[in-house]
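A short write-up of the structure that comes next.
The values are calculated or read from the model by the stated rules, or taken from the named source; none is laboratory data. Predicted model only: the values in this text are computed from it and were never measured. Using ideal geometry, Cβ is built from the backbone for each residue, glycine included, and neighbour counts are taken over all protein chains shown. When the accessible area is computed, the model is the full protein with side chains, heavy atoms only, and any ligands, DNA or RNA have been set aside. Shrake-Rupley method; radii C 1.70, N 1.55, O 1.52, S 1.80 Å.
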Amino acid sequence: MNQIDSPLQKTKQLEFNPPKIVQYLFLLYILLKPFYIFESGSFQPSDAVFMVCFCFFLYYLGTGSLILSKFDYILIVFCVWVFIINFIYFSLYRNTEFLYSSLYYIFNLFLVLVARYLLYNKEFIKKLFWTCRICLYIQVAIAFLGLGKYYMESNEATDRYLGTFNDPNQLAFYAFALLMAMFMIDKIYGVKCRIWLVDYAAFVYLLYLSASTGLLLAFGIFGVLYILILIASPVFEQTEERKGKLYTALLGVLLLVIVLIVYWDEVLVFAQKSELFSRLLEKETLSTSTTATEVSGSSIWQDRNIDKLYLYPQYNIFGAGQGYFERFWMAHTSGEIHSTIFSVLFCYGIGPTLLFVYWCWTNLKHSSVYFIPVFVALIVESTTLLNQRQPLFWILFLLAYTYRVMEDRRYEDDIYT
């Protein structure tokens, strides 16, 4: 099969049909991702589905270019750098954690390469939208039917719900990412998928059960920023159709606010009985200083294992590798850093961190103003949670770039043909 005949080759008109088997295997991977059979960090059945998808992708690609966007060379250099740093530390300590950490990034690089192709097809984007919606309501149904698991702490079950995941924050982020993907696809030109108010309600239900304070903050930031942009939208919106949709959205938000005001006392009583409210009070006791306090026993930095950054600052320059954290004995715990950007900085140093940030930015620039709430919320949330292993984290950035290409054909030169 030569390069011209490859079914995955793009055209200037961005009109192409990816092989159905690649599409459906990728969507099946997203659908199966929340079903954790083994412990977190290990190879799950859904990952096997994606690897089959990637093999079919390579087969249909033939001799065509594997890299569709020139921006993804940045990500490849980043992954090579990650592998080199982890391999050096593996050679020193003979700890396989370093090798596993490299595999996570290589796996997600493969995911980005496949998703980049698929997301230039509007029919696939529609399928992805409905897959995200189905995934969201599957989790709601599992919770409603009482089939999900609860978080165990000191061999005792807590009120924090984790569904089919191994951690409640994983569930909350997965539901949030599904919602944000649906929100972004709603804005992509010509796809004609609409997010509903009940979709937001489904997420809030899962958020309430998981009691994730980080995702509560993220959703709050998203909501406030989106309302502000809606209020300002008549200034920059050009088409009457879009203005009408925005006014409808504003009306829905106004009605929701009125309902909350009318039933505020009932809502407050209900919230105070929840695990989420208890955890908010608990988080409030965490000092923002870098040392423990008499009230909390640890600072927010120690709680998220970020204290390693200032206790061992030299590794922020050349990287500590991602594994064998027991060697950092001065830190509050020997756990992994629970922060996306700070984890990359400490584990791989300033060089790879700049590459990682630059790749994210290249996908976001020139995209929709309506995506600002999505990524501000994601950035804030990612300071206290480790998200780069989750496929939907990367897909959100790819969706921003997809919008940019489909909305304005000036950026077609950023795509290889």
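Here is how the numbers come out for the structure above:
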| quantity | calculated |
| --- | --- |
| Residue 98 over 18 Å from the mean Cα position of the chain (by Cα) and not polar (S, T, N, Q) | yes |
| Subset of the range 39-66 [over 16 Å from residue 389 (Cα atoms), aliphatic (A, V, I, L, M) and either at pLDDT 95 or above or not in a helix (DSSP H, G or I) (or both)] | 49, 52, 66 |
| Residues of the range 333-352 classified as surrounded by fewer than 21 Cβ atoms within 10 Å (Cβ to Cβ) and not acidic (Asp, Glu), total | 8 |
| Residue within the range 67-79 that is part of a helix (DSSP H, G or I), open to solvent by 60 Å² or more (accessible area, probe 1.4 Å) and hydrophobic (A, V, I, L, M, F, W, C) present | yes |
| Filtered residue count, the range 125-167, keeping only those that are open to solvent by 10 Å² or more (accessible area, probe 1.4 Å), farther than 22 Å from residue 192 by Cβ and over 18 Å from the mean Cα position of the chain (by Cα) | 22 |
| Members of the range 375-403 found to be closer than 23 Å to residue 306 by Cα and either touching a strand residue (DSSP E or B) at 6+ places or on another chain (Cβ under 9 Å) or acidic (Asp, Glu) (or both), listed by number | 381 |
| Qualifying residue in the range 357-365 (condition: open to solvent by less than 40 Å² (accessible area, probe 1.4 Å), assigned to a loop (DSSP other than H, G, I, E, B) and over 20 Å from residue 96 (Cβ atoms)) | no |
| The range 384-407, residues that are within 9 Å of the chain's Cα centre (by Cα) and in a loop (DSSP other than H, G, I, E, B) | 387, 388, 389, 390 |
| Some residue of the range 265-274 being modelled with pLDDT of 65 or more and under 30 Å from residue 206 (Cα atoms) | yes |
| Residue satisfying all of: in the range 168-218; β-branched (Val, Ile, Thr) and without any contact (Cβ under 8 Å) to a residue 24 or more places away in the chain; least open to solvent (accessible area, probe 1.4 Å) among these | 195 |
| Complete set of residues in the range 46-97 that are without any contact (Cβ under 8 Å) to a residue 12 or more places away in the chain and farther than 29 Å from residue 25 by Cβ | 84, 91, 92, 94 |
